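To start, the structure under review is shown below, and the notes come after it.
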Amino acid sequence: MTRRTLLLGQSLEFTRNPMAARAEGAPPEDAARHLSHAGVLIEDGLIGAFGEAATLAARYPEAPIIDYGAGLILPGFVDAHVHYAQTGIIASWGKRLIDWLNDYTFPEERRFADPAYAITLAGRYLDLVLANGTTTVASYGTVHAESVTALFQAALARGMAVVAGKTCMDRNAPDWLTDTPQSAYDDSARLIRRWHGQNRATYAVTPRFAPTSSPEQLEVMGALWAENPGTLMQTHLSEQVEEIAWVKDLYPKARDYLDVYETYGLTGPGAVFGHAIHLTDREIAHLSDSGSSVVHCPTSNAFIGSGLFQAARLAKAGITMGLATDTGGGSSFSMLRTMAAAYDISQLAGTPLHPAELLWLATAGAAESLQMQDQVGTLAPGSAADIIVLDLNSTPAIAQRAQRAGDIWGALFPTMMMGDDRALRSVWVSGAERQRQPDSRPAAAGFIAR
Ligand code: GUN
Ligand code: ZN
């Protein structure tokens, strides 16, 4: 028997990519449709239908209804670049990238040699992100294969779609945290066979970044990725100027940083590059031509002092982009906090992102960057029922500002800029409600388009 539930509230639907629209001179908000009385039908863990509340209620009279009133029903957030194993060292003070890796990150990642520690942190991490409305993440593991097993198992227990890969690194890191080209290949291949495509798991071939992989290791990573169609490839690109200079020393023949990855077959559809801040025109052209995607990690870029991501420049080049926390270089588990940071950085870079663009980056854009747009990131029928409901009046400060809103974007923007986990009224994963908060502020406050 089909199990159905009908959720009612307001909602938003993208008709196209608002960043692409803006790059063509169209208003980004025209790329989305606001439904003030929306219905989302959950059917056996998937989205069965999405549309006007009255239409769906008439079509499915037997479906139990949960009415969220003025709550904003959205797809769960997709966090396209994280290091779950850095949960324990988030908010570590005062270092730039290379010192931050050596002093804080590598010692913490060493602890994941203990599978019991990995299991504890994997569960803790996924519960933290779920409380913040993130229902899909793409995570790096540590160099230890068991760290990836722990995350996939924790995701399976929660019904979550997760992308993960064993971090491969065979040089410029302590002996106790390095592998070899052969062991990196063997461990990754074993994990692909065990996990890729099982339930909601996707494997990503994961060389950490050019400085910690020898040319031999990047070569086997390229071969492994080519041998396993449907897997992703994730790595870091052009995050800090010191890192770029280091790559130039290590790979003197490369035309630029991206050329290192290009040389070893690590660009193309399914290649996901974190950060991508200090890019040359040639790198941008190749990212675009090859169909690679880029993930913006704004809290991290501010926290580690990396620089200003140029969203408008990359959008003009037609590059697929997503948003991410980059936990624990990033300073938050919340995609709302991350949207606020993306807005701040876009202001500093000269082109403020519209709330429609911010929402796109955190949902459909992030899903596209992971080639998962048919599964997550939208409320389109056939997608997984990974759904959140936002309370747009979750604190007095937000409510008093939202009250003045003239449209849905004005109502949503204060939550983007000032909201946190208190804004999550409900979080659904694979059609099961994982948590719900009571509606703290009923209809009176805030924008309600009804
Ligand atoms: N570059 C290589 N490894 C890392 C990492 O763990 N975090 C960040 N932010 N950048 C990196
Ligand atoms: Zn990272």
Item checked: Subset of segment 36-90 [closer than 18 Å to Phe333 by Cβ and more than 19 Å from the chain's Cα centre (by Cα)] -> Gly88, Ile89
Notebook entry, point to check: Only one of Gly222, Gly165, Gly159 is of a type in the set (Gly, Ala, Ser) and on the phi > 0 side of the Ramachandran plot; which?
Noted result: Gly159
Next item on the list: Test Arg208 against the stated conditions and say whether it is under 24 Å from Asp326 (Cβ atoms), surrounded by 18 or more Cβ atoms within 10 Å (Cβ to Cβ) and modelled with pLDDT of 95 or more.
Entry: yes
Checklist line | Number of the condition not met by Thr202 [criteria: (1) farther than 14 Å from Tyr140 by Cβ; (2) in a strand (DSSP E or B)] | finding: (1)
Item checked: Considering residues of segment 116-126 that are surrounded by 15 or more Cβ atoms within 10 Å (Cβ to Cβ) and touching a residue at least 12 places away in the same chain (Cβ under 8 Å) only, the residue farthest from Gly305 (Cα to Cα) -> Ile119
Next item on the list: Could you tell me whether any residue of segment 298-319 is closer than 24 Å to Ala23 by Cα, within 16 Å of ligand 1 (Cβ to nearest atom), in contact with a Leu (Cβ under 9 Å, 6 or more places away or on another chain) and part of a strand (DSSP E or B)?
Entry: no
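Could you identify the single residue in Asp127, Asp67, Asp79 that is more than 16 Å from ligand 2 (Cβ to nearest atom), over 30 Å from Gly406 (Cβ atoms) and at pLDDT 95 or above? Walk me through how you get there before you give the answer.
Numbers: Asp67 fails: over 30 Å from Gly406 (Cβ atoms); Asp79 fails: more than 16 Å from ligand 2 (Cβ to nearest atom).
So the residue among Asp127, Asp67, Asp79 that is more than 16 Å from ligand 2 (Cβ to nearest atom), over 30 Å from Gly406 (Cβ atoms) and at pLDDT 95 or above is Asp127.
Return the residues of segment 76-96 that are polar (S, T, N, Q) and not in a helix (DSSP H, G or I); say none if nothing qualifies.
Result: Ser92, single match.
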Check: Which residues, taken from segment 234-258, are under 24 Å from Ala324 (Cβ atoms) and in a loop (DSSP other than H, G, I, E, B)?
Finding: Ser238, Glu239, Gln240, Asp256
Notebook entry, point to check: Restricting segment 259-290 to residues that are within 16 Å of ligand 1 (Cβ to nearest atom) and in a loop (DSSP other than H, G, I, E, B), which is farthest from Thr325 (Cα to Cα)?
Noted result: Leu266
Next item on the list: Could you grab me the full set of residues in segment 108-120 that are within 16 Å of ligand 2 (Cβ to nearest atom) and not charged (D, E, K, R)?
Entry: Phe112
Check: What pairs can you find where one residue is in segment 137-154 and closer than 16 Å to Ser213 by Cα, the other is among the aromatic types (Phe, Trp, Tyr) and within 15 Å of ligand 2 (Cβ to nearest atom), and their Cβ atoms are less than 8 Å apart, with a gap of 6+ or different chains?
Finding: Tyr140/Tyr84; Gly141/Tyr84
Check: What tally of residues in segment 81-103 results from selecting those that are among the aromatic types (Phe, Trp, Tyr), more than 9 Å from ligand 1 (Cβ to nearest atom) and in contact (Cβ under 8 Å) with a residue 24 or more places away in the chain?
Finding: 1
Next item on the list: Output the number of residues of segment 346-383 satisfying the condition of being under 16 Å from the mean Cα position of the chain (by Cα) and either over 16 Å from Val429 (Cβ atoms) or hydrophobic (A, V, I, L, M, F, W, C) (or both).
Entry: 18
Check: Given the residues Ala21, Ala63, which is the only one that is without any contact (Cβ under 8 Å) to a residue 40 or more places away in the chain and not in a strand (DSSP E or B)?
Finding: Ala21
Item checked: Matching residues, segment 16-62, being surrounded by 17 or more Cβ atoms within 10 Å (Cβ to Cβ), among the acidic types (Asp, Glu) and over 19 Å from Ser430 (Cβ atoms) -> Glu29
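Do you know which of the residues in segment 205-247 that are of a type outside the set (Val, Ile, Thr), without any contact (Cβ under 8 Å) to a residue 60 or more places away in the chain and under 17 Å from Thr280 (Cβ atoms) is farthest from ligand 2 (Cβ to nearest atom)?
Only one residue tops the list, namely Ala245.
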Item checked: Matching residues in segment 59-80 - criterion: being small (Gly, Ala, Ser) and within 16 Å of ligand 1 (Cβ to nearest atom) -> Ala80
Next item on the list: Of the numbered conditions (1) hydrophobic (A, V, I, L, M, F, W, C); (2) without any contact (Cβ under 8 Å) to a residue 60 or more places away in the chain; (3) closer than 28 Å to Ala53 by Cα, Leu348 fails exactly one; give the number of that condition.
Entry: (3)
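Tally up the residues in segment 320-353 that are within 16 Å of ligand 1 (Cβ to nearest atom) and of a type in the set (A, V, I, L, M, F, W, C), please. Walk me through how you get there before you give the answer.
Here is the first cut: in segment 320-353, the ones within 16 Å of ligand 1 (Cβ to nearest atom) are 322-333, 338, 341-342, 345.
Filter once more, so that each one left must be of a type in the set (A, V, I, L, M, F, W, C): 323-324, 333, 341-342, 345.
Residues flagged as within 16 Å of ligand 1 (Cβ to nearest atom) and of a type in the set (A, V, I, L, M, F, W, C) within segment 320-353 amount to 6.
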Checklist line | segment 361-418, subset of a type in the set (D, E, K, R) and not in a helix (DSSP H, G or I), residue nearest to Ala271 (Cα to Cα) | finding: Asp374
Checklist line | Odd one out for Tyr251 among (1) within 16 Å of ligand 2 (Cβ to nearest atom); (2) touching an Asp or Glu at 6+ places or on another chain (Cβ under 9 Å) | finding: (1)
Notebook entry, point to check: Which one is nearest to Gly270 (Cα to Cα), of the residues in segment 201-250 that are within 15 Å of ligand 1 (Cβ to nearest atom) and small (Gly, Ala, Ser)?
Noted result: Ala204
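The values are calculated or read from the model by the stated rules, or taken from the named source; none is laboratory data. Predicted model, so just to flag it, every value in this text is computed and none were measured. Because the Cβ atoms are built from the backbone with ideal geometry, glycine has one as well, and the counts that use them run over all protein chains shown.
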